[in-house]
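Below: one structure in structure tokens.
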């Protein structure tokens, strides 16, 4: 009889311990408990010690920490028909535990699928130059679109970042050539601007020198000094105006000699000297044949 009572007490104790273990829960600071009592949604509980009714209440743990979601590489064709491979990362957190449990079956997978489809649709409508140079604007657009779609689930998307953009090798070579051509264009423009500024300064200097004739002589002597310090050969520049009388004198002397030759008339031939006006033998034979 006593043994039976002891067995009953032990069984009751085990049942009580099991019931206590099933009815007591401890939630951490970043966790909340969504309780269903006989299938009906109750108010979220936590953090701390939570008491549940055994076999009646069921609790689902929900973490409120920010979750890092890595979006797998997506094959995208940009608006200018260039295939690229894009990877991104998304940060989100649950702000409403009740809706995160009741509105969607799996918050993590649902957010991942939304991020993939949004990434392809948004980046597919952008050019390659925009994708490479304006990532901040694209990140903001992705964040707004994904957050608007996950808001009914009680999920807040805080940040979306495009992590990597892979471009085919042939497009990388084309981009490199384009960048080189752009640098050459800028270099030519800068050189042309420098030449224009230098020409303007030279024009100003010419105006200043032209006001005082002595200034050009001083500049001439300074140039000779600079040339003499660098080389043993000195070149004296001579204005063309100084050489003009010499050229005119040579022209007059040449024209005078030609007029004398014309006035002298034809010169008499020396004995044995051939006549330059007489026809050559070959020309004489041609004349006989023609006759």
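The values are calculated or read from the model by the stated rules, or taken from the named source; none is laboratory data. Quick caveat, the model's predicted, so the values are computed rather than measured. Here the Cβ is made from the backbone with ideal geometry for all residues, glycine too, and neighbour counts use every protein chain on show.
Checking the conditions here, which among 117, 158 is under 17 Å from residue 70 (Cα atoms) and surrounded by 13 or more Cβ atoms within 10 Å (Cβ to Cβ)? It would help to see each step written out before you state the result.
On the way: 158 fails: surrounded by 13 or more Cβ atoms within 10 Å (Cβ to Cβ).
Step by step, each of 117, 158 is checked, and only 117 is under 17 Å from residue 70 (Cα atoms) and surrounded by 13 or more Cβ atoms within 10 Å (Cβ to Cβ).
Just to be sure before I move on: is residue 132 buried (at least 17 other Cβ atoms within 10 Å of the Cβ), under 25 Å from the mean Cα position of the chain (by Cα), outside the structural domain of residue 35 (by TED's automatic domain parsing) and in a helix (DSSP H, G or I) in the structure I sent?
Answer is no for this residue.
Any residue at all in the stretch 187-207 that is under 30 Å from residue 82 (Cα atoms), modelled with pLDDT of 90 or more and either loosely packed, with under 10 Cβ neighbours inside 10 Å or not assigned by TED's automatic domain parsing to the domain that holds residue 82 (or both)?
Just the residues of the stretch 187-207 that are under 30 Å from residue 82 (Cα atoms), to begin with: 187.
Filter once more, keeping what is modelled with pLDDT of 90 or more: 187.
When the remaining residues are screened for being either loosely packed, with under 10 Cβ neighbours inside 10 Å or not assigned by TED's automatic domain parsing to the domain that holds residue 82 (or both), the result is 187.
Scanning the stretch 187-207 turns up at least one residue that is under 30 Å from residue 82 (Cα atoms), modelled with pLDDT of 90 or more and either loosely packed, with under 10 Cβ neighbours inside 10 Å or not assigned by TED's automatic domain parsing to the domain that holds residue 82 (or both).
Those residues that are more than 21 Å from residue 168 (Cβ to Cβ) and either surrounded by 13 or more Cβ atoms within 10 Å (Cβ to Cβ) or out of contact with any strand residue (DSSP E or B) (no Cβ under 9 Å at 6 or more places or on another chain) (or both), I need them from the stretch 67-87; list them, please. Break it down stepwise before answering.
Our first condition is that a residue be more than 21 Å from residue 168 (Cβ to Cβ); within the stretch 67-87, this holds for 67-70.
Passing the criteria: 67, 69.
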